[in-house]
Every structure is written in structure tokens, then in C-alpha cells.
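First the structure, which I've put down as C-alpha cells, then a few questions once you've had a look.
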Amino acid sequence: MGSTASDELIKTWVTGWSSARGYDSRHEGRVHAALRHDTIGDWEYVIHEPSIGELAAIAETLRKHPARRLTVFVEDAEGFLGATGDLALATVDANEVLMVTDMGEQDVELPRNPEGFVLQTERDGTRAYVSVHLEDDSAVVAASGHVSVVDGFAVFDRIITAPEYRRRGLGSFVMRALASLALEHDVDEGLLVASLDGQALYGYLGWTPLGAMVTLEAAQS
């Protein structure tokens, strides 16, 4: 596995993440964007290690369109935030990290259902969605997740376990199920953004961090 965080890698992640969520996306030079119709109702810009000039230009756009957001991938989140003080940007989240794994080490077989649960899978081209339901009540979704294959990468997203079903191994089960579906295609590496809570799980599953993810918005005047 040889990936490092780069503009091309971030473009791949944005493409896969947008596809998994059904967002429109666009790429203009080093600035990538996704139309987050289900949350902020506007565009979220994404960029890797921006210069102060790039940040200033995006910050001006955010002031004109307050619903929009900026996500930045950097090696040092604290140092980056310390350099943005004059740009009137407010931090939304600085606890997530980009992680990568070697898909060649993943199991190609769908895992067995955990006792008391049933796995459902949906495929749509290079995208897949899995959900884990109670065996005796299929209306209950205990855990779920998405994966989208882009240019040899499997981009995992929205790996969710309902609070009342946590600590039963369902998160790991969903990841193994998604990996097996992704490996139906030609993939070499996996990408995901991990929350503070999820980083321990993914580390246990063999994922390694590539850098920090910081989300910003225009500061309220």
C-alpha cells in the first residue's frame, strides 16, 4: 500500500463519497465540491493542503453564501487552524481523519450473519449498500453502510450502528460485508473518513490515518 494524501486522492474520495450519498459533484482545479442537498442544502467545497490565497478566495465565497461549507484535508489540523485566524472562518468539526487500507488483505467472502440478525444488500453498478436487520423484525435496521468504487479505490461511507445495538460487532460485520462487495470490482485500496468514535474500530480492522479533516464555515458577524 503506497497511498499518501494528495489532491488526486482527495478528488477520488469526493467522487466516491458523493456517489455513495447521491450528491452531484464537480471538480474545478484543486477545488472539489459536492451538493449536500440533504443537510446544508448547498455546496460543500473540499481541498487538500490549501494555500492562504486559496483559502481567502473560498472564504470570500462562503461569506457570500453562508450555507456553504469548506472541508480541508491537512496533515496538521492544529497548525492549519492557527493560520486561518484572519479569514473569518469558524470551525464546524476538526475531529475526523482520512484513513486508508490495503484491500488485498480483506476477505472476499460475505461474512456469516451474526446470531439474531440478517444482512440485506443492494447493488447499483459500482455502488453497494448493506443493512443489518433483526431476524424477527426486518423493519429494524441495526447497522448499515455504503461503499462506492472509483479508480481502483473502495470509498466507504456512513457506517452506522444504532445506539442500542452497539458493542455487538455489527460495525466490523458491515465493513467486512462492504469490502466483499467492493472486491467484486478491481480495487486496490480503501478510503474512508472516520469520526472520533470510529477511529479505534478502523484501526483495529487495519486502517491507517492519512491526515486530518477540518470542516469550516463563514464566521457569524
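The values are calculated or read from the model by the stated rules, or taken from the named source; none is laboratory data. If you're wondering where the values come from, they're calculated on a predicted model, not measured in any experiment. Please note: Cβ atoms are built from the backbone with ideal geometry, for glycine as well, and neighbour counts cover all protein chains shown. Please note that ligands, DNA and RNA were not included when accessible areas were found on the heavy atoms of the full protein model with its side chains. Shrake-Rupley method; radii C 1.70, N 1.55, O 1.52, S 1.80 Å.
Please give the charge dipole size of the stretch 92-175, origin at the Cα centre, charges +1 on K and R Cβ atoms and -1 on D and E Cβ atoms. Round to the nearest 20 debye.
100 debye
Can you compute the radius of gyration and Dmax for the stretch 17-83, using only the Cα atoms, both in Å?
Looking at the stretch 17-83, its Cα Rg and Dmax stand at 12.3, 34 Å.
Restricting to DSSP loop positions (anything but H, G, I, E, B) with no more than 12 other Cβ atoms inside 10 Å of their own Cβ, which GluC sites (Glu not before Pro) remain in the stretch 148-221?
Sites meeting the loop and neighbour criteria: E184.
Taking the Cβ of L181 as the centre, find all other residues whose Cβ is under 14 Å away and add up their charges (Lys, Arg: +1; Asp, Glu: -1).
-4
Can you give me the Kirkwood hydrodynamic radius for the stretch 68-127, using every pair of distinct Cα atoms, in Å to one decimal?
16.6 Å
Just to confirm a number: summing +1 for Lys and Arg and -1 for Asp and Glu over residues other than A34 whose beta-carbon lies under 12 angstrom from that of A34, what do you get?
Local charge sum for A34: +1.
Given 37 °C and 0.692 mPa s, how large is the Stokes-Einstein diffusion coefficient of the chain in µm²/s, with Rh as the Kirkwood radius over Cα pairs?
Result for D is 180 µm²/s.
Can I ask one more? Which of V187, S148, L170 sits closest to the plus end of the dipole of the stretch 90-221, meaning its Cα is farthest towards the positive end, when Lys and Arg get +1 and Asp and Glu get -1 on the C-beta?
L170
Checking understanding here: applying a Kyte-Doolittle mean of at least -0.5 and a length along the axis of at least 27 Å (C-alpha), which whole DSSP H helices in the chain pass?
In the chain, no H run is both long and hydrophobic enough.
Could I ask something else about it? Could you give the accessible area per residue of the stretch 1-89, probe 1.4 Å, as a whole number in Å²?
Here the per-residue accessible area is 47 Å².
Here's something else I'd like to know. Using only alpha carbon pairs under 8 Å that are at least six residues apart, calculate the relative contact order of the stretch 73-221 and give it in whole percent.
Over the stretch 73-221, the number comes to 39 percent.
What does the charge count near A143 come to, summing +1 for each Lys or Arg and -1 for each Asp or Glu among other residues with Cβ under 10 Å from its Cβ?
+2
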